Amino acid sequence: MGDHRADEQAATQEPAPARAPYQIAAVKPDGAAAPRQVRSVALLVLATLAVIYTLYFGSALLLPLALAAVLKLLLQPVMRVLTTRLRLPTALAALLVILVVFCVIAGIAFSLSLPASQWLHRAPELLPLLQQKLAILRRPIGYLEEGLKQLEQMAPGGSAGGGQSFSGGSLMGFAGSVFSGTAATLAGFFTTMVLLFFLLASGDRLLRGLVDILPRFSDKRRAVEIADEVESNIARYLLTITMMNGLVGIATGLVMKFTGVGDGLLWGVVAFCLNYVPILGPFTGVVIFFAVGFLSFQSPWYALLPAGLYLLIHIAEGETITPMLLARRFTLNPVLVIVSLFFWHLIWGVPGALLAVPLLAVAKIFCDHIDPLKPAGHLIGS
């Protein structure tokens, strides 16, 4: 009996050492998960920095390509009318669209060249006049400049002579730097038009090629859904914004003409272009028309009239009409819109700011159709 009990106790104690290896094996993956997560985060950060680096230093090609892609979405309804209803060949329709766009831009630029050059030539005379009319603000501005100089002196490597005032020489230097970039601007415009022609002439060939190389049917269907939603939503957004910006430009031009400022076409085009940049564009327009009013009128109350009327036009359009037209299909987080504006302006300058909202909308559409990225899409559209 004693031996039988000893065998039973031994039998009950034998499985005990066998638990240790299973417990250790269960702990090992948890301990190895942390290094994997660290490596994943590090790779994600490096990939993000690589993309930003490529966008910044590859702007000579990537910026015209992005502009051409957005313009293709804007002009796709016109292409569809020319190719389906009028039965024109795709290449001929694309050539006609490019010629019309070029003629419109060239005509507007030629019409604006004279009034714009007149304002530029008058700038050295107008700036002292503006300073004289804004003399009431001279003292607080002087205090601000003095404080900034003191901060520069306190900073490492700062010197008392480091600050520079906006004199006439610096203004002419700024104008020279602006005009020195004309050749690069024309080269970028030419590159954009060439890429736009080939994008319009190719039609859906690129999309079909992408769908063909995808391995699974679900991926093919998802790619087609994303392309259709991008084309429909972004094209509708661009058409709506362009139409509303045109109305804002017309209203602003009429206001500037009937209030006595003059050059209604110039200020209408300025308002039209600025309205493509949310928040920052209209704010810049208020500052511009505030300065133009002070330069055009003697009375300070009349001087506030152009900026005040422009602000009313923007409130009626930007806060009432356009949100009603886009609310059902197009909602973006305003904080992320501002972040996108600053980011793309830092990467690509003013054209990047113009592309910020369409690129953010495209990112939202991609995130909404990819399961792991749906939370990011919800955040962008909240």
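Quick notes on this structure:
- Candidate set: region 319-371, residues that are surrounded by 19 or more Cβ atoms within 10 Å (Cβ to Cβ) and small (G, A, S); chosen: the one farthest from A184 (Cα to Cα): A361
- For region 1-103, the helices (runs of 4 or more DSSP H) that sit wholly inside it and include 1 or more residues that are under 30 Å from A353 (Cβ atoms), modelled with pLDDT under 90 and not hydroxyl-bearing (S, T, Y) are 15-57, 59-80.
- Filtered residue count, region 325-360, keeping only those that are in a helix (DSSP H, G or I), closer than 15 Å to Y276 by Cα and within 10 Å of the chain's Cα centre (by Cα): 18
- Within region 280-297, residues that are within 16 Å of L266 (Cβ to Cβ) and in the same structural domain as V248 (by TED's automatic domain parsing) reach partners that are crowded, with 18+ Cβ neighbours inside 10 Å and of a type in the set (F, W, Y) with beta carbons closer than 7 Å, at six or more positions or on different chains, in the pairs G285/Y310; F289/Y310.
- Test: residue in region 121-132 that is outside the structural domain of S296 (by TED's automatic domain parsing) and at pLDDT 70 or above: yes
- Residue in region 305-361 that is nearest to Y56 (Cα to Cα), counting only those that are in the same structural domain as P282 (by TED's automatic domain parsing), modelled with pLDDT of 85 or more and out of contact with any helix residue (DSSP H, G or I) (no Cβ under 8 Å at 6 or more places or on another chain): I315
- When we screen L239, L214 for residues that are under 30 Å from H369 (Cβ atoms) and in contact (Cβ under 8 Å) with a residue 12 or more places away in the chain, the only hit is L239.
- Pairs, first in contact (Cβ under 8 Å) with a residue 24 or more places away in the chain and under 27 Å from M193 (Cβ atoms) in region 47-70, second of a type in the set (G, A, S) and in a helix (DSSP H, G or I), C-beta under 7 Å, six or more apart: L63/G188; P64/G188
- Tabulated pairs, region 74-91, first closer than 24 Å to V362 by Cβ, second surrounded by fewer than 17 Cβ atoms within 10 Å (Cβ to Cβ) and of a type in the set (A, V, I, L, M), C-beta under 7 angstrom, 6+ apart or interchain: L74/L239
- Residue tally, condition exposed (fewer than 14 other Cβ atoms within 10 Å of the Cβ) and more than 17 Å from F258 (Cα to Cα), over region 284-303: 3
- Those helices (runs of 4 or more DSSP H) lying entirely in region 166-244 with at least 3 residues at pLDDT below 85 and closer than 24 Å to A271 by Cα: 168-180, 182-202
The values are calculated or read from the model by the stated rules, or taken from the named source; none is laboratory data. Just so you know, these numbers come straight off a predicted model, no measurement behind them. Cβ: placed from backbone, ideal geometry, glycine included. Neighbour counts: every protein chain shown.
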